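K.L.:
Have a look at this one.
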Amino acid sequence: VKLAYQWHDGTPRVVPIWFHWNGEAVVMVSPPDAPKLAALRAHPDVALSIDTADWPYKSLMLRGRAEIETVAGVALEYAAAARRYFGDEQGDAWVAQVSQMGSQMTRIAVRPTWVGLIDFQTRFPSSIAKHLPPS
């Protein structure tokens, strides 16, 4: 996912970050000392984009507020994301390695307040859709 947020000086930032959908929120995880956490606490309104790289492009866009929580050990959502990205065996090995790097992780949960989808087949950006013939 790409996480867009506001930095301390008001400028926009976008970072790619692993995520896990838990049925209610998109959950991302960072080390507790990650600089973005202070910015998210000060300005919790964020936007997310989950995109494909192949045509026809698909883009799921979300907006919401970041809720920050530090947890002991490896966050469950981080482990779930590692298994999804790497497969079970390599994901578990990755989590075991990461668990040696610190005793805490910080969860960034975003419950969507707005959702948009563009699939370039049935849903297009509004600036393109207004020029298409009615279906």
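The values are calculated or read from the model by the stated rules, or taken from the named source; none is laboratory data. On a predicted model such as this, the values are computed, not experimentally measured, just so you know. Because the Cβ atoms are built from the backbone with ideal geometry, glycine has one as well, and the counts that use them run over all protein chains shown. Side chains are part of the model used for accessible areas, which takes the heavy atoms of the whole protein and leaves out ligands, DNA and RNA. Shrake-Rupley method; radii C 1.70, N 1.55, O 1.52, S 1.80 Å.
K.L.:
I need the fraction of alpha carbon pairs in the range 1-75 separated by more than 16 Å, rounded to a whole percent.
P.N.:
Working: 1448 of 2775 pairs.
The answer is 52 percent, as a whole percent.
K.L.:
So how long is each side of the chain along the principal axes, counting just the alpha-carbon atoms, biggest first, in Å?
P.N.:
Largest to smallest, the principal-axis extents are 57, 40, 23 Å.
K.L.:
Right, next: Between Asp9 and Asp45, 0.36 nm times their residue separation minus their Cα-Cα distance comes to what? Each step should come with its number before you reach the end.
P.N.:
Working: separation 36, 0.36 × 36 = 12.96 nm, distance 1.50 nm.
Working it through step by step, the gained length comes to 11.5 nm.
K.L.:
Quantify, in whole percent, the carbon and sulfur part of the accessible surface of the chain (1.4 Å probe; protein heavy atoms only).
P.N.:
On the way: 4710 of 8420 Å².
Its accessible area is 56 percent carbon and sulfur atoms.
K.L.:
Keeping all protein chains in place, calculate the accessible area per residue for the chain (probe 1.4 angstrom), answer in Å².
P.N.:
Working: 8420 Å² over 135 residues.
I get 62 Å² per residue for the chain.
K.L.:
Taking a 1.4 Å probe, which of His131, His20 shows the most accessible area, and what order do the others take after it?
P.N.:
Values: His131 145, His20 50 Å².
Solvent-accessible surface, decreasing: His131, His20.
K.L.:
Let me ask something else. For the chain, with the dipole built from +1 on Lys and Arg beta-carbon atoms and -1 on Asp and Glu ones, taken about the Cα centre, which of Val71, Leu3, Ser99 lies farthest toward the positive end?
P.N.:
Looking along the dipole axis, the top candidate is Leu3.
K.L.:
How large is the Kirkwood hydrodynamic radius of the range 77-135, in angstrom, based on all distinct alpha carbon pairs? Could you put the intermediate results ahead of the total?
P.N.:
Numbers: mean 1/r = 0.0652 Å⁻¹.
Evaluated over the range 77-135, this radius sits at 15.3 Å.
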